[in-house]
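Values in this text are rule-based calculations from the coordinates and carry no lab data. Keep in mind that what you see is a predicted model, and the values were worked out from it rather than measured. Cβ: placed from backbone, ideal geometry, glycine included. Neighbour counts: every protein chain shown.
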Amino acid sequence: MATVEKKTSKDIERLYDLLKQKGYELEKPDGNWLWVSDRFSYLITYHEDDPSFYQLTLPIGGDDDASQMRIKNLSAANSATARTKFVKAYLDDDNGLNFVIDALVSGPEEYADKFPRFLSAIQVALQIFNEKTGG
């Protein structure tokens, strides 16, 4: 049985340094995540047991809208997911909207190289969602 290498703190520090060099505003890594901001704050999640997996999430706070609005938002999230190839859009239990990209990459360098494309894809999904909801 093959053993899987674990992601190390050096991998996360390397990703932090690479994204910083590309001009992204970052807070210092803390635990399992980094915040990246342009117009929004994004969450980068990594898993120590899976060195090739990174997740980028754009969380947008929810509210306690009526069930009709939740249905409209779910429909818009489904459209955003279907039309953007690899962005998952979903509502969490608090009606919060989340746009997520799960990426399997060879390491921090590849993730940093693809990061602008990931951000762009999430922005397209957000645009589709807003078109569907009138937002």
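In the structure shown, the pairs Lys22/Lys85; Lys20/Lys72; Lys20/Lys88; Lys22/Lys72; Lys10/Lys114 are assessed against 28 Å; a Cα-Cα span above that value is assigned to Lys20/Lys72; Lys22/Lys72. Among Ser120, Ser67, Ser52, the residue with the largest mean-square fluctuation in a Gaussian network model of the chain, with springs joining Cα atoms closer than 10 Å, is Ser67. Averaging 1/r over every pair of different alpha carbons in segment 9-133 and inverting the result gives a Kirkwood radius of 15.2 Å. Taking 18 Å as the cut-off, the amide N atoms of segment 82-103 that come nearer than this to a point 7 Å along the Cα-to-beta-carbon line of Trp35 belong to 97-99. FRET efficiency for the pair Glu27 and Lys85, taken as 1/(1 + (r/R0)^6) with r the Cβ-Cβ distance and R0 = 30 Å, rounds to 0.55.
Work out which trypsin sites (Lys or Arg not before Pro) in the chain are exposed loop sites (DSSP not H, G, I, E or B, at most 14 other Cβ within 10 Å) and give the longest gap free of them. The segment 86-135 is the longest one with no such site. Within segment 71-135, the proportion of Cα pairs with more than 15 Å between them is 51 percent.
Among Glu110, Glu27, the ranking by other beta carbons within 10 Å of each residue's beta carbon, starting with the fewest, stands as Glu27, Glu110. Remark: relative contact order (the chain) = 23 percent; criterion is Cα-Cα distance under 8 angstrom and separation of 6 or more residues. Can you give the calculated 222 nm mean residue ellipticity of the chain, where each DSSP H run of n ≥ 4 adds -39,500 (n - 2.57) and the sum is split over every residue, rounded to the nearest 500 deg cm²/dmol? Helix-only estimate at 222 nm: -14000 deg cm²/dmol.
Model label sites at Ile71 and Phe53, defined 7 Å from Cα along the beta-carbon direction, differ in position by 3.5 nm.
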